[in-house]
Structures are given as structure tokens and as C-alpha cells.
Amino acid sequence: MTGKVYLIGAGPGDPDLLTMKAHRLLTAADVVLYDRLVGEQIIAMIPETAEKLYVGKAKSLHSLPQEEINALLAVKAKEGKVVVRLKGGDPFIFGRGGEELEELVSEGVPFEVVPGVTAAAGCAAYAGIPLTHRDYAQSVRFLTGHLKDGTTELPWDELVHPAQTLVIYMGLTGLESISQSLIRFGMRPSMPVAIVEKGTSKDQRVFTSTMKDIHQVAIDNEVKSPALLIIGEVVTLQEKLSWFGQ
């Protein structure tokens, strides 16, 4: 009998942000395939009887190629097991969840998707930065700073807008190129920018600066991944609205 795969978003780090449904399914799993960005406290919720498989990815270092992860999900489910695919944030926002489900569909494996709090929402909230605000930003765009081909070629001309917030995932490595490109396409060098490192965790750090200087700020403070980039006038509210860790 074929089992089932549950594609679950674990949220950005704080275990209290895990949904009730995610917790229920996780604690009943036979097999759990989990990513690098899933917090240790959430991993600790996996039953001792479950098979735990680390399939995380870091820059240029993948424990398993994506194609093998896709295939492994189908193999484990066809063994009749309850399989949890546990991802940081939300599986459908820069989480490759769609790619994995396409494989399950082709293999005839049943599945469900359990949304998680995406890093943009969680990290911004814990940093005290509202992504929209009637006085500052009427729209928000989520982008990845690391495309499939390894470049950072984004639609720069569309991103330079005075009443818009940009949230860039995986943008730390290409930060210098990103800031230079936005300025070249018309963003003012003094545009407020924030970097949220290890957002929602006890180790969270938040640095604010300008588009012109943010790359040097990241270097000076030895910012490490995972880090989220927030660009826009809403960043000016960070000091006033900061609450986490106080």
C-alpha cells in the first residue's frame, strides 16, 4: 500500500511558529526528510522511532542533488510509510516544493501541503519592520538573490519604485552586485536597507543601513547565512518598532 507525503513548512526558526497541523503530522511520521534551515528544536520533535534523513543545502554544498531528493520521497512513500518533507519557511516560497510535488504526481504518490510562516513575514515581524504601511509602501515583492543558473540577474528596472518594499531571500552572497545594480537602475543610494540574520531565533541580529553602504556593513559585522534583505522606506520604522529580545 502506498503511503503519503506531507510537504510541511517549518517556519523561519522559532519553534513556536510551527503550525498545529505541522506539529501533529511531524510527531506521527515514519520518515522525515529535513533541510538545513529547520531549527534544532523542531528537529527534536521528530519521534525517535522515525527515520531521519538530512537533505539540506548550503552554498555549493548539497547533501543530495534535488533530483535524488524528489525520487527518495516517492520511494519512501511507496514503502507504505508516512513521509514528512520538512522545509524551512514555506515550501512554496523559494522552497522548491513545486519541483518535489511534480515528481510525486508523476509517480502517482498522494500528498498534502502544509504551509509555513515564510521568512519574509517572520523575520520582518521579529525585526520590527512592517512590509507594508500606508505611509511608506503599498506593495511588497519577494525575490531570490540566487537564481537557478547561479546569477543575480533580476528585473532591476521593475524593482526601483518609491512606494514598494523588496524582500530578497538568499541575497547575502550577491549583496554587492544587488546593491550596485539597484543604484545603477535608479534607486537612490540612501534608500534604507535592513539585513536580518538568523531571523526569529535566539541568535537573531538586525543591521540597518543604506543601499550604498549595506554591503560594507555586512562585511564589518561578519553577517552569515541565513540572512534576509529588506529594502524600502519601511526600514526607517525598525528602531521604533523593534521588540524581539528586549
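Okay, here's what the table says:
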quantity: Ranked by how many other beta carbons lie within 10 Å on average, peptides 44-51, 119-126, 25-32 from highest; calculated: 119-126, 25-32, 44-51
quantity: Long-range HN-HN contacts of residue 210 with modeled amide H, under 5 Å; calculated: 193
quantity: Fraction of antiparallel bridges per DSSP, the range 140-246 only, in percent to nearest 5; calculated: 75
quantity: Dipole in debye (nearest 20) - the range 56-178, about Cα centre, beta carbon charges: Lys, Arg +1; Asp, Glu -1; calculated: 420
quantity: Simple label model, 7 Å out from Cα along Cβ direction - residue 64 to residue 106, nm; calculated: 1.6
quantity: Residue-by-residue Karplus 3J(HN,Hα) for the range 2-19, coefficients 6.51, -1.76, 1.60, Hz, glycine and proline x; calculated: 6, x, 8, 10, 10, 8, 10, x, 8, x, x, x, 5, x, 5, 8, 5, 6
quantity: More than 24 angstrom apart: percent of Cα pairs within the range 89-246; calculated: 35
quantity: Built amide H within the under 5 Å cut-off of residue 114, gap 5+; calculated: 7, 8, 9
quantity: Electrostatic dipole magnitude of the chain [Cβ: Lys, Arg +1; Asp, Glu -1; Cα centre; debye, to 20]; calculated: 300
quantity: Radius ratio Rg over Rh of the range 1-145, counting only Cα atoms, Kirkwood formula for Rh; calculated: 1.01
quantity: Alpha-carbon centroids, the range 90-164 and the range 42-56: separation in whole Å; calculated: 25
quantity: Charge dipole (debye, nearest 20) of the range 4-114; +1 at Cβ of Lys and Arg, -1 at Cβ of Asp and Glu; calculated: 80
quantity: Using θ = phi - 60° and Karplus 6.51 cos²θ - 1.76 cosθ + 1.60, couplings along the range 128-133 (whole Hz; Gly, Pro as x); calculated: x, 10, x, 6, 10, 6
quantity: Whether the range 8-56 is rounded, prolate or oblate, judged on the alpha carbon gyration tensor where a/c under 1.5 counts as rounded; calculated: oblate
quantity: Selection from 130, 39, 163, by position along the positive dipole direction of the chain (Cβ); calculated: 130
quantity: Packing-based exposure ordering (other Cβ within 10 Å, fewest first) of 141, 134; calculated: 134, 141
quantity: Subset of 21/224; 87/212; 4/224; 21/57 violating a 28 Å alpha-carbon distance limit; calculated: 21/224; 87/212; 4/224
quantity: Qualifying chymotrypsin sites (Phe, Trp or Tyr not before Pro) in the range 175-246, DSSP loop, other Cβ atoms within 10 Å at most 12; calculated: 243
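The numbers here are math on the coordinates, done by the rules we state, and not lab data. Everything numeric here is computed off the predicted structure, so don't read it as measured data. Cβ coordinates were reconstructed from backbone atoms using ideal geometry, including for glycine residues, and neighbour counts include every protein chain displayed.
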